[in-house]
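Contents: one structure, followed by commentary.
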Amino acid sequence: MALQKALKTIGKNLSAQYERWQPRARYKVQPDPTLDEVKKLCNTCRRYAKSERVLFHYNGHGVPKPTSSGEIWVFNKSYTQYIPLPISDLDSWLKTPSIYVFDCSTARNIVNAFIELHDWVASSSSGSTRDCILLEAYEAHETLPQSVEFPTDVFTSCVTTPIKMALRW
């Protein structure tokens, strides 16, 4: 499958999986976005969501691992190289309430940076605690599975696909 078609298919499938959980919500897939596209999308989602929770799902397969300071990677304006996006920028655009899903190697680095950011913010202001849910795929030292037995996005599959149970009487 061609790369662009694969990205569209992955995004469409992921959106459909989330729609099963929350059919009334609006979902926007942004494969391989630039920094400006991420900022615009986050601000737009927050504006439309008003006081509702915004979902940010980062599928970091095929891009560099998050940095030790929790930066994720997006394209520059000309799509010629990846550039880091600090979690503090992302957080300032999405605000709260929000839910973050980080499906990438070393995802714990992102969560650690997020927690550190909010520990610092909480200690320097009298603001309320953050209403954020953070889901991470891997610890700071773990990488994606390299086995053909498992899908690359095994974490996303577990988060978005309900367990089917059979009751027997």
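Among the residues of this structure, GLY60 counts as one that is open to solvent by less than 10 Å² (accessible area, probe 1.4 Å) and out of contact with any helix residue (DSSP H, G or I) (no Cβ under 8 Å at 6 or more places or on another chain). In the stretch 144-151, is there at least one residue being over 24 Å from LEU35 (Cβ atoms) and at pLDDT 80 or above? Checked against the condition, which is being over 24 Å from LEU35 (Cβ atoms) and at pLDDT 80 or above, the stretch 144-151 yields no hits at all. For the stretch 22-35, does any single residue satisfy the condition of being closer than 23 Å to ILE10 by Cβ, at pLDDT 90 or above and not β-branched (Val, Ile, Thr)? Among the residues of the stretch 22-35, at least one is closer than 23 Å to ILE10 by Cβ, at pLDDT 90 or above and not β-branched (Val, Ile, Thr), which makes the answer yes.
The values are calculated or read from the model by the stated rules, or taken from the named source; none is laboratory data. None of these values were measured; they are calculated from a predicted model. Note that each Cβ is placed from the backbone with ideal geometry, even for glycine, and that neighbours are counted across all protein chains shown. Keep in mind that these areas ignore ligands, DNA and RNA; they rest on the heavy atoms of the full protein, side chains included. Shrake-Rupley method; radii C 1.70, N 1.55, O 1.52, S 1.80 Å.
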